[in-house]
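Some notes on the structure that comes next.
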Amino acid sequence: VTATLVTGIGELVTNNPEIGDGSSLGVLHNAALVVEGDALAWIGPATRAPAVDARVDLHGRAVVPGFVDSHTHLVFAGDRAAEFAARMAGAPYDGGGIAATVAATRDVADDTLRKLLARRVAEMRAQGTTTVEIKSGYGLTVATEERALRLASEATPETTFLGAHVVPPGADRADYVAVVSGEMLAACAPHARWVDVFCEPASPHAFDADEARAVLEAGRAAGLGLRVHGNQLAPGPGVRLAVELGAASVDHCTYLAAADVDALAGGDTVATLLPGVEFSTRSPYPDARRLLDAGVTVALATDCNPGTSYTSSMPLVIALAVREMRMTPAEALWSATAGGALALRRTDVGVLARGQRADLTVLDAPSYVHLAYRPGVPIARAIPLSGPHHAHG
Ligand code: NIG
Ligand code: FE
């Protein structure tokens, strides 16, 4: 295995509080690291770097852990630009547009869908994302949900069965919940790590607490971990249900009651905030400060999907979190990396440490603060440093 010494790292964020400046970001200045294969063999001050054969000089750039985008819906065809434009002219969002993406997605061949998905994953990597979770939910039949998860599992181990995205037009609610919890789950579980439900009684298309509980309990019995879309459009039962069932994450959390914050603070469910959604639906942003001040673990993700947040950019999400949700740049970066890893119950990503994976994101900037300070500027990219792929960075 080739060992490569990366030097000239002006600022290295490790998310390892035991090294560097003692903060939760574990920041080292004038750092170096050694990559061997896919792993980090050494991290430390440049002055103490070991001698190895190959060297890369980053000339003072910052390096951060690759972003962990723990919530996306990348398996889809078509777009909903007209729906977005109508919304910007005042139309509300209630999830009804999902049916248009379902129709467009059912319509394309496997290979077309595979290529659309691969292009989106590459677009994310080019902006610094090295771990991505991908949900189904734009098929809503046994065969098309199974296909979505099969294709997603070619791209990532973090695959989520979201048959309970909406009740398909024309279907009977109770019948559909039974199919999702039965035959559809059985077909999808072999390709999925997680099960998710759009629990939103305020939407006529999504699921109430009893329906969501039925789907989540069936998913758990099939060996899947739990995730929930909750409290996106209105206050509701999603957050408390997620905590009660021990879900790894509850996502959106746009409308929170005091009891929701208390439940999150007392449980071990991560609150994943998706400010690209509030941006693209012109909604109020979630109260990140209230969650952080209550001691809740917060993750940030794109929710990349054609309806509510058609961005693949974690740097944009970080900038929104800082500007619109009053997270500090340090909190936002942590939530976009280590927080996302916790939302996926992963300890091998989101942190840079000796022996861990070398998921490195380089910034064309001297500090991670530039992720929020230079909004819209493409400064972040994931770099493949391992072995023969080295030159492709
Ligand atoms: O996370 N809330 C439900 N699902 C997606 C939106 C899906 C769509 O509109 O296509 C979300 O916001
Ligand atoms: Fe989503």
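The values are calculated or read from the model by the stated rules, or taken from the named source; none is laboratory data. Just so you know, these numbers come straight off a predicted model, no measurement behind them. Methodologically, a virtual Cβ is constructed for each residue, glycine included, from the backbone with ideal geometry; neighbour enumeration extends over all protein chains shown. What goes into the accessible areas is simple: the full protein's heavy atoms, side chains included, and nothing from ligands, DNA or RNA. Shrake-Rupley method; radii C 1.70, N 1.55, O 1.52, S 1.80 Å.
Once you have the Cα-Cα distance between ALA202 and ALA222, take 0.36 nm times their residue separation minus that, and quote the gain in nm to one decimal. Before the final figure, lay out the partial values.
On the way: separation 20, 0.36 × 20 = 7.20 nm, distance 2.85 nm.
Stretched fully, the ALA202-ALA222 segment lengthens by 4.4 nm.
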Treat each spin label as a single point 7 Å out from the Cα along the C-beta direction, and report the ALA118 to ASP364 distance in nm. 2.7 nm
I'd like to know which of ASN231, ALA152, PRO201 lies farthest towards the positive end of the charge dipole of the chain, counting +1 on Cβ of Lys and Arg and -1 on Cβ of Asp and Glu. ALA152
Counting only protein heavy atoms and a 1.4 Å probe, tell me what percentage of the chain's accessible area is made up of carbon and sulfur. 54 percent
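Report, to one decimal in Å, the Kirkwood hydrodynamic radius for the chain based on all distinct Cα pairs.
Values: mean 1/r = 0.0473 Å⁻¹.
Mean inverse Cα-Cα distance, inverted, gives 21.2 Å.
How much length would be gained if the chain were fully extended between ALA81 and ARG106, taking 0.36 nm per residue of separation minus their Cα-Cα distance, in nm to one decimal? Numbers along the way, then the final one.
Details: separation 25, 0.36 × 25 = 9.00 nm, distance 1.89 nm.
Taking ALA81 through ARG106 to full extension adds about 7.1 nm, to one decimal.
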Taking max minus min of the Cα coordinates of the range 238-344 on each principal axis, largest first, gives extents in Å of 31, 29, 24
Pick from ALA206, ALA319, ALA186: which residue has the top mean-square fluctuation in a GNM of the chain where Cα pairs under 10 Å get a spring? ALA186
Paramagnetic reach from ALA257 (point 7 Å along Cα→Cβ, amide N under 15 Å) across the range 206-229: 209-210
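Let me check I've understood the local charge: for LEU162, count other residues with C-beta under 10 angstrom from its C-beta, Lys and Arg +1, Asp and Glu -1. What total comes out?
Details: positive: LYS135, ARG227; negative: GLU145, ASP196.
My count for the surroundings of LEU162 gives 0.
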Two pseudo-spin positions, 7 Å from Cα along C-beta at ALA39 and at ALA294, lie apart in nanometres by 4.1 nm
Highest-MSF residue in the chain out of GLY246, GLY95, GLY170 [GNM, Cα springs under 10 Å]: GLY170
Candidate residues HIS252, HIS59, HIS191: accessible-area rank, largest first, probe 1.4 Å: HIS59, HIS191, HIS252
What's the longest uninterrupted piece of the chain once you rule out the trypsin sites (Lys or Arg not before Pro) that are loop residues per DSSP with at most 16 other Cβ within 10 Å? 1-281
Gain in length, ALA178 to GLU154, computed as 0.36 nm per residue apart minus the alpha-carbon separation, to one decimal in nm? 5.9 nm
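Give me the mean projected area, in nm² to one decimal, of the convex hull enclosing the Cα positions of the range 210-260. It would help to have the intermediate numbers written out before the result.
Numbers: hull surface 12.9 nm².
Directional mean of the projected Cα hull area for the range 210-260 stands at 3.2 nm².
Between SER23 and ALA143, how high is the FRET efficiency from 1/(1 + (r/R0)^6) when r is the Cβ-Cβ distance and R₀ = 41 Å? Nearest 0.05. Before the final figure, lay out the partial values.
Working: r = 50 Å, r/R0 = 1.21.
Efficiency, from the Cβ-Cβ distance: 0.25.
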Among ILE134, VAL177, HIS165, the residue whose Cα sits farthest towards the positive end of the charge dipole of the range 99-188 (+1 at Cβ of Lys and Arg, -1 at Cβ of Asp and Glu, taken about the Cα centre) is ILE134
Could you give log10 I(q)/I(0) at q = 0.19, 0.24 Å⁻¹ for the range 1-76, computed by the Debye formula over C-alpha point scatterers of equal weight, without solvent? -0.78, -1.09
Overall Cα dimensions of the range 1-159, principal axis frame, Å, largest first: 58, 40, 25
Provide the per residue accessible area, probe 1.4 Å, for the chain, rounded to a whole number of square angstrom. 38 Å²
